[in-house]
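Input: a single structure, listed below in structure tokens.
The values are calculated or read from the model by the stated rules, or taken from the named source; none is laboratory data. Note that the structure is predicted; figures quoted are calculated from it, not measured. Using ideal geometry, Cβ is built from the backbone for each residue, glycine included, and neighbour counts are taken over all protein chains shown. For accessibility, only protein heavy atoms count, side chains too; no ligands or nucleic acids. Shrake-Rupley method; radii C 1.70, N 1.55, O 1.52, S 1.80 Å.
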Amino acid sequence: MYRVYAVFIGILISIMLTFNGVLDGYLGNYLSVLLIHLCGLITVTIILISKRQKIVLNRQVPFYLYSGGAIGVLLVLVNNICFSSLGVALTSSLGVFGQLMLSCVIDHFGIIGMDVYKFEKKKLIGFTIILAGIIVMTIY
Amino acid sequence: MLYIILAILGGFLTILSMVVNANLAKKVGVFQGTFINYVVGSFIIFLIVLFIQDYSYINNLANIPFYAYLGGTIGVLVVAASNVIIPKIPTIYSTLLIFIGQIFMGIVIDYFRISHVSKGKVIGGVLIILGMLYNTNLDKKRLIDENIISEE
């Protein structure tokens, strides 16, 4: 059943990309990202209040962990820019291709404190099929 | 071509943010981590908006349909839902399953935007899923060989 929910998350992500892209059409790249973040901030604040969690910021959090917010800004910006010219399907497909490539690199070299899983050459077959899919999607 | 490279870069950023956010969530919890992300993110994009000083779009504020504001809210819901669901399924399947939802909904939405289903997107989407399935099976074999997961 949880596998169905995972598919549902993907559906939500596509809807989110679309709504963000529409907002981008009205407000341009930067104001739209600002509004998206403010709406997200309001939502998570409501969740925190409803769960009665206190917001504590003075714990031992290494500085680089705060960079998630900066990565998030870049990510929304990139998706919004791509949405209008590539559409949702192609933006998602290229995104997942990037994810798979970077995961393989991280696994192969064990960067960012992850365990090392050497790249299997057989996986090139899978990647070739994925790349063929992306090419078909792009040129059609 | 520029957009294609940008979209792939978006995939790199997705993985980076997953790694950073998972580590942050371990320290402070998922919703506090998300809260910190949005505070830092809002602050950064606020500075960028101040610096760029392009307010020509402000007049459009009144015309925006309400649903367009919901993207940020859905983003938080995705984080919340992922936090419950992803630990319950084998990691090697999560990317594949989420992508299946994304590509299916993406094709539906693109149909409503340009009112025609492109065969290329359907065929391409199926090929991508097949390629991912193939590699997922390789991962599964390796994990079974190393007795990390058991055969279902």
Filter result (part of a loop (DSSP other than H, G, I, E, B) and open to solvent by less than 70 Å² (accessible area, probe 1.4 Å)) within segment A:87-116: A:Gly110
Subset of segment B:25-41 (residues that are at pLDDT below 85 and within 21 Å of the chain's Cα centre (by Cα)): B:Ala25, B:Lys26, B:Gly29, B:Val30
Check on A:Ile42, open to solvent by less than 40 Å² (accessible area, probe 1.4 Å) and part of a helix (DSSP H, G or I): no
Options A:Val7, A:Val33; residue that is β-branched (Val, Ile, Thr), surrounded by 23 or more Cβ atoms within 10 Å (Cβ to Cβ) and modelled with pLDDT of 90 or more: A:Val33
Within segment B:42-72, considering residues that are open to solvent by 30 Å² or more (accessible area, probe 1.4 Å) and in contact with a Gly (Cβ under 7 Å, 6 or more places away or on another chain), the one modelled with the highest pLDDT: B:Ile44
Number of the condition not met by B:Gly101 [criteria: (1) small (Gly, Ala, Ser); (2) within 17 Å of the chain's Cα centre (by Cα); (3) outside the structural domain of B:Tyr134 (by TED's automatic domain parsing); (4) buried (at least 16 other Cβ atoms within 10 Å of the Cβ)]: (3)
From B:Val117, B:Val84, B:Val78, residue being of a type in the set (Val, Ile, Thr), more than 23 Å from A:Met137 (Cβ to Cβ) and open to solvent by 60 Å² or more (accessible area, probe 1.4 Å): B:Val84
Qualifying residue in segment A:59-80 (condition: facing chain B (nearest Cβ under 7 Å), polar (S, T, N, Q) and under 21 Å from B:Arg113 (Cβ atoms)): yes
Condition check for A:Ile47: surrounded by fewer than 23 Cβ atoms within 10 Å (Cβ to Cβ) and either within 7 Å of chain B (Cβ to nearest Cβ) or within 18 Å of B:Met18 (Cα to Cα) (or both): yes
Of all residues in segment A:88-132 being within 30 Å of A:Asn20 (Cα to Cα) and among the small types (Gly, Ala, Ser), the one that is modelled with the lowest pLDDT: A:Ser103
Number of the exception - B:Val79 against (1) more than 17 Å from the chain's Cα centre (by Cα); (2) within 24 Å of A:Leu94 (Cα to Cα); (3) of a type outside the set (Asp, Glu): (1)
Every residue from segment B:107-123 that is aliphatic (A, V, I, L, M) and at the interface with chain A (Cβ under 7 Å from one of its Cβ atoms): B:Ile107, B:Ile109, B:Ile123
Filter result for the condition that a residue is over 26 Å from A:Val96 (Cβ atoms) and part of a helix (DSSP H, G or I), over A:Leu34, A:Leu17: A:Leu34
